[in-house]
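Note sheet for the following structure.
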Amino acid sequence: MNKNFKTNISGRDLIIKTSGFAEQSNGSILLQYGETSLLATAVMSKREKEQAGFFPLTVNYEEKFYAAGKIGGSRYRRREGRSSDEATCHARLIDRAIRPLFPKELKREVQIVITILSWDKENEASTLGLLAASLALLISDIPWTKPIAAVRVGRIENKFILNPTYKELEKSNIDVVFGAIEKDGILLNMIEGNFQQVDEKLVFDAYEFSRPYLEKLVDFQKKIQKEIGKEKITLDPIETNKELEVAVRDLLKDRLEKSVYLEEKMERAAAIDELKKEIALFVKENYPEEINYTENFFEEEVNRIIHKNLLEKDQRPDGRKLDQVRNLDCELSLLPRIHGSGMFSRGLTKSLSIVTLGSPGDAQLSERMEGSGKKRFLHHYNFPPYSVGEVKPMRGPGRREIGHGMLAEKALIPVIPPFETFPYTIRVVSEILSSNGSSSMASASSSSLALMDAGVPIKAPVTGIALGLAIDSNGKYKILTDIQGPEDHYGDMDFKIAGTKNGITAIQLDVKVDGISETIFKETLEKGKNARLHILEKITQTIEKPRENLSPFAPRVLTLQINPEKIGKVIGPGGKMINQIIDECNASVDVEDTGRIFVTAEKEEDAKKASAWIESLTREVMAGEVFEGKVKRILTFGAFVELLPGQDGLLHISKMSSRRINKVEDVLNIGDTVPVKVIAIDDQGRINLALNKELNSHDERNSQDKPTEKRNHRF
C-alpha cells in the first residue's frame, strides 16, 4: 500500500514511506529524519537452515559516500570498500536489539540491510537504523511482532537532549542509545553508551527522560503495522518427544547437574562433552530419527538446571556468591623494550595489553561518510582461538573483535590526556590469552595497567565488569556479578559497565529475553559500581598512578609554535629543507597549518637538534639584537649578512664605519664572520644592520691584509 506516516520527535519530523522500494524483499521502508534518509530491508530465505547452532541472522549497515555528497575511496577505486569499524559497531547494535525477539521456531536465514541514502550532517543515522529495521520487520511477513523503539540521549549544562545533533554531542557529557519494547510497560532490550565519568543516577535519569519518547515510538510503529502490515507466516511448533526426554533424563540422572557445577572450566567442559557423546550414542541406537533433536534438548536441559538453581538456591556453577567477583591478579612490565605492558586476570579470563607510543603523524586517518579525520588513540582487541582451547583459522578481526575493541576504546577515551599536553599517538593492543567471560572488560583493565606502566598520564584507571541475569516467566530474577562461561551462554542478560572511581565511562547491554525492567536496570547499575570499585582497588594496589617517566625505548616528542607564514621556510622548495632535517636528525617532523610543529625522535638529543634547527629557521629577528653573521653576498652599496638560516640582513656601506669607505671589499670578503646589530626592520620585513662596534675586531684582522692607506679605518 502506498502510504506515508509522520510523527514529530524532538522538533523534527520522522517520516516513514512504505512503497516503491525493494519490492522483492519481505519488508522495506524509507525513513527520513530531518534530511537524513535511509532504506531498511528485511529478507527471509525460503528454506530452513538445519543445525545452525544459533539463529542465522545477518545485519549489514551500509554507509554510502554519496549520502554526504562525497566521492570516496582511493584515486584508483572510487567506491566504498570494507565497512568501517564504526559501521560494523552500528550493525552489531541493531543485531543485538532485534535478535532476541525472533521466535525459537524460526530456522530460516534472515538478513537486514540498512543503507544510508542521504545524510544531513546533523542527525546521527545508527539509531534511526535500528528504528528502520524494526519497522521493516514489523510490516513484513517475517514472524517478528514486537516493535523496538530507539532514541539517543545527550546532556548539556545539566539538561537532557533527545536525539542530539553532532554539534550538540561535542558539548555533551553523555551519548547513550536506549532500545526498548512494550511488554507490561516499557522494557529495555539494548543500551549502548559512552560517558564522561558520570554517576549511576545520571545514567538512570537519562533513561527516565527517554521513556515517554520510547513509548511514543512504539505506538507509532504499532499504528503503521495495523494499517499496512503483512500477515505473518505460520511456524510449525517445535516437536517434543516426551518418551525420549524421559529416557534421556533417566540416563543422565544427576550426572549432568554435577558436571555443570564442576568448578574448573576445562574439567566441566570435558565432563559435559562425555555426556553428550553418551546421549548421542544412546539416541542413535534407540531413536535414530531424533538425532537432530538431541543437541537442542541437551542445551535446554542445561539451561533449565542453571536457572532453577540460581533462582531457588542462589547457586552458581563455580560456587561463588551472586555478587562475588572472581580472584584478581595484575602484573606490569612483562615484556622488554616495548613502551608499556600490563596483564589483568579475573578467574580464567586473562588479558595482556601492550602500549605503543608514536608521533602525531602516526595517527590513523579515516575517511567515512560522516567525514574525514585523525584518530590518535586506538585500542585493538584480539581473540585468538587458543584463548578458548580451540583450533580455528586465524584471519583478520571479525565483527566480535572489532566490537569488543571499540567498547573498551570508548571506555578508555574519557581518561586519555588531551593532545595539547601529551602529543603522542597511542595504540593499545589487548591480546586475550584465556577467556571465560567478559574479556572485553578485562581488556579495559589490562589497558589501564599498560597505559600507566608506559607513563601515559591518564586521568584515572578504568575497569569494567559484566553482570548477568536469570529470570523466570513469573518475573522472579537474580542478578549475577562477573558472569563466566555457562552464566553468559545460558543467562538472560550480558550487561557490561566500565568506568573509573569517579563514574561510568561506557555501557553495553544485550539481552536474550524480551527485555529488562527499570527495577532490574537500576539494581544492576548499583551492583556494577560495587564490583568496579572492588577491581579498581586491586589495580591501584599494583600501580597507584602513571609512571613519572616514559620508557627509554619510547620516542620523544617536542612541540614548537612558529609563525604560520614561516612554514615555507621549514618545508623548503620541493620539501628540500624538511627532508634534510629529517635525514640528518633521524627525526620525523609533523607540521600543522596553524604553525604548530611536532618533532619526534627515538633519542631526545636528536629531537632537540631538529627543534633547534627549525627554531633557527623560523626565529623572528628583533631590532636591537646582536648576531655573529656570515657575509653571503657583496654589492656596491653594501653586504648581505646571514643572521640565521634563511634570514639575511643588509649591512649598508655607510654602516660599516664612522669614516667613508670607498669599496666594500676593502673591509669585507664573502665568508667573513662579523658582529652585527639589527638597527631596523621595515614594513616589508627587510632587516637593516650596522657593524657592532662594541664587539668588532674585524678591522684589526683585515687591516693586516690591506694596503697601508687603509689601515687607519676603524669600526
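The values are calculated or read from the model by the stated rules, or taken from the named source; none is laboratory data. What you are looking at is a predicted structure, and each value in this text was computed from that prediction instead of being measured. Neighbour counts run over all protein chains shown; Cβ positions are idealised from the backbone, glycine included.
When segment 106-144 is filtered for residues that are in contact with a Gly (Cβ under 8 Å, 6 or more places away or on another chain) and among the hydroxyl-bearing types (Ser, Thr, Tyr), only SER140 remains. Going by what's in this entry, would ASN309 be described as within 25 Å of ASP488 (Cβ to Cβ), modelled with pLDDT of 90 or more and assigned by TED's automatic domain parsing to the domain that holds VAL248? Yes, satisfied. Name the single residue that is nearest to LEU451 (Cα to Cα) among those in segment 560-577 being surrounded by fewer than 13 Cβ atoms within 10 Å (Cβ to Cβ) and either touching a Leu at 6+ places or on another chain (Cβ under 6 Å) or among the polar types (S, T, N, Q) (or both). Applying the filter and picking the extreme gives GLN561.
Condition check ((1) more than 16 Å from the chain's Cα centre (by Cα); (2) crowded, with 18+ Cβ neighbours inside 10 Å) across all residues:
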{"residue": "PRO385", "(1), (2)": "yes, no"}
{"residue": "VAL391", "(1), (2)": "yes, no"}
{"residue": "MET394", "(1), (2)": "yes, no"}
{"residue": "ARG400", "(1), (2)": "no, no"}
{"residue": "PRO414", "(1), (2)": "no, yes"}
{"residue": "TYR424", "(1), (2)": "yes, yes"}
{"residue": "LYS459", "(1), (2)": "yes, no"}
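When the test is whether a residue is hydroxyl-bearing (Ser, Thr, Tyr), over 23 Å from the mean Cα position of the chain (by Cα) and either buried (at least 18 other Cβ atoms within 10 Å of the Cβ) or over 30 Å from ALA97 (Cα atoms) (or both), THR542 passes it. The numbered conditions (1) farther than 21 Å from ASN309 by Cβ; (2) among the small types (Gly, Ala, Ser); (3) in contact with a Leu (Cβ under 8 Å, 6 or more places away or on another chain) are all true for ALA247 except (3). Answer yes or no as to whether GLY319 is assigned by TED's automatic domain parsing to the domain that holds LEU480, in contact (Cβ under 8 Å) with a residue 12 or more places away in the chain and either touching a helix residue (DSSP H, G or I) at 6+ places or on another chain (Cβ under 9 Å) or exposed (fewer than 15 other Cβ atoms within 10 Å of the Cβ) (or both). For GLY319, the condition - assigned by TED's automatic domain parsing to the domain that holds LEU480, in contact (Cβ under 8 Å) with a residue 12 or more places away in the chain and either touching a helix residue (DSSP H, G or I) at 6+ places or on another chain (Cβ under 9 Å) or exposed (fewer than 15 other Cβ atoms within 10 Å of the Cβ) (or both) - is not met.
Would you check which residues across segment 492-514 are outside any strand (DSSP E or B) and either touching a helix residue (DSSP H, G or I) at 6+ places or on another chain (Cβ under 8 Å) or on the phi > 0 side of the Ramachandran plot (or both) and list them?
LYS501, LYS512, VAL513, ASP514
Cβ separations smaller than 9 Å between residues 6+ apart or across chains give the following pairs from segment 231-252 residues that are in a loop (DSSP other than H, G, I, E, B) to residues that are of a type in the set (Asp, Glu): GLU231/ASP141; LYS232/ASP141; ILE233/ASP141; LEU235/GLU105; ASP236/GLU105; PRO237/GLU105; ILE238/GLU105; ASN241/GLU290. Could you tell me whether segment 18-40 includes any residue that is crowded, with 20+ Cβ neighbours inside 10 Å and among the charged types (D, E, K, R)? There is no residue in segment 18-40 that is crowded, with 20+ Cβ neighbours inside 10 Å and among the charged types (D, E, K, R). Restricting attention to segment 159-181 and to residues that are under 17 Å from the mean Cα position of the chain (by Cα) and more than 17 Å from THR127 (Cα to Cα), the residue that is surrounded by the most Cβ atoms within 10 Å (Cβ to Cβ) turns out to be ASN173.
If you filter segment 325-383 down to residues that are under 30 Å from LYS167 (Cα atoms) and without any contact (Cβ under 8 Å) to a residue 12 or more places away in the chain, you find that the one that is surrounded by the fewest Cβ atoms within 10 Å (Cβ to Cβ) is LEU365. The selection criterion, being at pLDDT 95 or above, out of contact with any Pro (no Cβ under 6 Å at 6 or more places or on another chain) and of a type in the set (Gly, Ala, Ser), holds for ALA136.
Yes or no: GLY685 part of a loop (DSSP other than H, G, I, E, B), touching a strand residue (DSSP E or B) at 6+ places or on another chain (Cβ under 7 Å) and either modelled with pLDDT of 85 or more or outside the structural domain of ARG596 (by TED's automatic domain parsing) (or both)? Walk me through it before giving the result.
Details: part of a loop (DSSP other than H, G, I, E, B): yes; touching a strand residue (DSSP E or B) at 6+ places or on another chain (Cβ under 7 Å): no; either modelled with pLDDT of 85 or more or outside the structural domain of ARG596 (by TED's automatic domain parsing) (or both): yes.
Here the answer is no, as GLY685 does not meet what is asked.
Selection of segment 414-458 for residues being polar (S, T, N, Q), part of a loop (DSSP other than H, G, I, E, B) and either out of contact with any helix residue (DSSP H, G or I) (no Cβ under 9 Å at 6 or more places or on another chain) or closer than 30 Å to ALA601 by Cα (or both) yields only THR421.
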